Amino acid sequence: MIKFLLFLLLLVFCWPLALAALVLYPIVWLLLLPFRIVGIAVEGVLELVWALFTLPARLLRGLA
């Protein structure tokens, strides 16, 4: 809601900049989308490696 109100404030004070932001926001979002996908994949791989390294400790803790 605050982002929308800030956009309306920008629209009132500097409407060309607000319209440029309105047009450029989806383009920037599409350009950054592959980086988000790579970030999700890297996070998943790091969690898998962490789970593999902590597996022996969790198994020993479960036996005790």
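No value in this document is a laboratory result; all are computed from the given coordinates. Values in this document were obtained by computation on a predicted structure and should not be read as measured data. Backbone-built Cβ (ideal geometry, glycine too); neighbour counts: all protein chains shown.
A few remarks follow.
- For the chain, the share of alpha carbon pairs falling in successive 5 Å distance bins from zero is 4, 14, 11, 11, 10, 9, 8, 7, 7, 6, 6, 4, 2, 0 percent.
- Placing R0 at 35 angstrom, the Cβ-Cβ distance between Ala51 and Tyr25 gives a FRET efficiency of 0.40 after rounding to 0.05.
- Computed from backbone phi with θ = phi - 60° and the Karplus coefficients 6.51, -1.76 and 1.60, the 3J(HN,Hα) list for the stretch 46-61 is 5, 5, 5, 4, 4, 5, 5, 6, 8, 4, x, 5, 5, 5, 5, 5 Hz; x is used for glycine and proline.
- Its DSSP H runs of at least 4 residues, each contributing -39,500 (n - 2.57), put the calculated 222 nm mean residue ellipticity of the chain at -34500 deg cm²/dmol, to the nearest 500.
- Rounded FRET efficiency, nearest 0.05, which uses the C-beta distance separating Leu10 from Leu33 and R0 of 25 Å: 0.55
- Residues Arg61 and Met1, FRET efficiency given R0 of 35 Å [Cβ-Cβ distance, rounded to 0.05]: 0.15
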